[in-house]
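Single-structure report; data block below.
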Amino acid sequence: MGIFQSLVSTMQGMRKRSAQKAEFIRLLVEATADGQLSKDEMQLLVDRFREIGLTNAEIKNANMKAYLQAYNVAKADNRITVEEERELQEIKRFLKIDDVAIAGTTRELQRLRILTEIEQGNLPEIELNDLARKKGEISHWSEPGSLIEERVVRRGYQGGSHGVSFRIMKGVSYRIGAHRGKLVSEKANVAVSEGELIITNLRVAFRGDQKSFNLLLSKVLDVDLFSDAIRITGETGKPRLIQFGREGNADIVGMLVTRLLNS
């Protein structure tokens, strides 16, 4: 076989393999399109993978695409059931997905699982050994955050006078007329204590390095939830505003408090 014919044969072989690889990737993506991967589908993929002679490195990106597709299908309703979580774990194992590569989706998966459990009435329980609890009190959640209060951050004298001025000595002027000025204060929300928001079946508490509070759930009148904070108003005292120290758990805190207040 001449050099030209050998080159042509090599190119044809590469094109054939490329087409086979593309076909396999199409099968893989189609198999996970419904968020699941049956045993028959797994066997079909394994057989085709071996028949073509592919390597894991060649389809690494395709495996990730297939897993993320299944994951997006499962979380489309912003909830993850036990069955969906189990199915995703099986898909991840089959596709040999590295945990580090999907660390972000794993955290989101855990968050959605907690939300689903709370919605179904299965509240999480945590251990807080240094929390003095009453009989029958169960700790459900702890979230790092800052206690925010409105404070005066700057004072100033504002206003002006209308009148006639004349100098009586070097550096001093005497003005005839009213000044009409006033002392004004500028206020802002500032962090006054760093700590953790604690939610139990009996109370909402904040343990901080400078200030703390305990508010019985039976005394809560109103709750306002923000993307990065929660404001809780009790029967007495001013509203307590806690700004979360990390992102992503605002809906868990809100749903948990709501569930406890309505139970």
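So is ALA101 surrounded by fewer than 15 Cβ atoms within 10 Å (Cβ to Cβ), within 30 Å of ALA205 (Cβ to Cβ) and of a type in the set (A, V, I, L, M, F, W, C) or not? Spelling it out, it is not the case that ALA101 is surrounded by fewer than 15 Cβ atoms within 10 Å (Cβ to Cβ), within 30 Å of ALA205 (Cβ to Cβ) and of a type in the set (A, V, I, L, M, F, W, C). Please tell me if ILE148 is more than 19 Å from PHE206 (Cβ to Cβ) and surrounded by 16 or more Cβ atoms within 10 Å (Cβ to Cβ). Spelling it out, it is not the case that ILE148 is more than 19 Å from PHE206 (Cβ to Cβ) and surrounded by 16 or more Cβ atoms within 10 Å (Cβ to Cβ). Out of curiosity, is ASN122 touching a helix residue (DSSP H, G or I) at 6+ places or on another chain (Cβ under 7 Å) and not basic (Lys, Arg)? No. One residue stands out in the stretch 231-259 among those that are over 15 Å from ASN214 (Cβ atoms), in contact with a helix residue (DSSP H, G or I) (Cβ under 8 Å, 6 or more places away or on another chain) and modelled with pLDDT of 90 or more: the one that is surrounded by the fewest Cβ atoms within 10 Å (Cβ to Cβ), namely ARG259. Tell me which residues, restricted to the stretch 93-108, are of a type outside the set (Lys, Arg), under 27 Å from VAL46 (Cα atoms) and either assigned to a helix (DSSP H, G or I) or free of Cβ contacts under 8 Å to residues at least 24 places away in the same chain (or both). Hits for the stretch 93-108 are PHE94, LEU95, ASP98, ASP99, VAL100, ALA101, ILE102, ALA103, THR105, THR106.
For (1) surrounded by 12 or more Cβ atoms within 10 Å (Cβ to Cβ); (2) in the same structural domain as THR105 (by TED's automatic domain parsing); (3) among the hydrophobic types (A, V, I, L, M, F, W, C), each residue gets a yes or a no:
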{"position": "VAL29", "(1), (2), (3)": "yes, yes, yes"}
{"position": "GLY35", "(1), (2), (3)": "yes, yes, no"}
{"position": "GLY53", "(1), (2), (3)": "no, yes, no"}
{"position": "GLU58", "(1), (2), (3)": "yes, yes, no"}
{"position": "MET64", "(1), (2), (3)": "yes, yes, yes"}
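Looking across the stretch 66-85, just one residue is farther than 15 Å from ASP34 by Cβ, charged (D, E, K, R) and part of a helix (DSSP H, G or I), and that is GLU85.
Let's see how each residue does on (1) within 30 Å of HIS140 (Cβ to Cβ); (2) of a type in the set (Ser, Thr, Tyr); (3) modelled with pLDDT of 90 or more:
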| site | (1), (2), (3) |
| --- | --- |
| LYS170 | no, no, no |
| TYR174 | no, yes, no |
| SER185 | no, yes, no |
| VAL190 | yes, no, no |
| ILE199 | yes, no, yes |
| GLY208 | yes, no, yes |
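For the stretch 184-214, the candidate set comprises residues that are within 17 Å of SER263 (Cα to Cα) and of a type in the set (A, V, I, L, M); within that set, the residue that is surrounded by the most Cβ atoms within 10 Å (Cβ to Cβ) is VAL204.
The criterion of at least 1 residues that are touching a helix residue (DSSP H, G or I) at 6+ places or on another chain (Cβ under 7 Å) and assigned by TED's automatic domain parsing to the domain that holds ASN249 is met, among strands (runs of 3 or more DSSP E) falling completely within the stretch 189-230, by 203-208, 220-225.
When every residue of the stretch 115-131 is checked against the conditions, at least one turns out to be of a type outside the set (D, E, K, R), touching a residue at least 24 places away in the same chain (Cβ under 8 Å) and under 25 Å from TYR67 (Cβ atoms).
The lone criterion from (1) surrounded by 17 or more Cβ atoms within 10 Å (Cβ to Cβ); (2) at pLDDT 90 or above left unmet by PHE49 is number (2).
The values are calculated or read from the model by the stated rules, or taken from the named source; none is laboratory data. Keep in mind the model is a prediction, meaning the values are calculated, not measured. Positions of Cβ are backbone-derived with ideal geometry, glycine not excepted, and every protein chain shown enters the neighbour counts.
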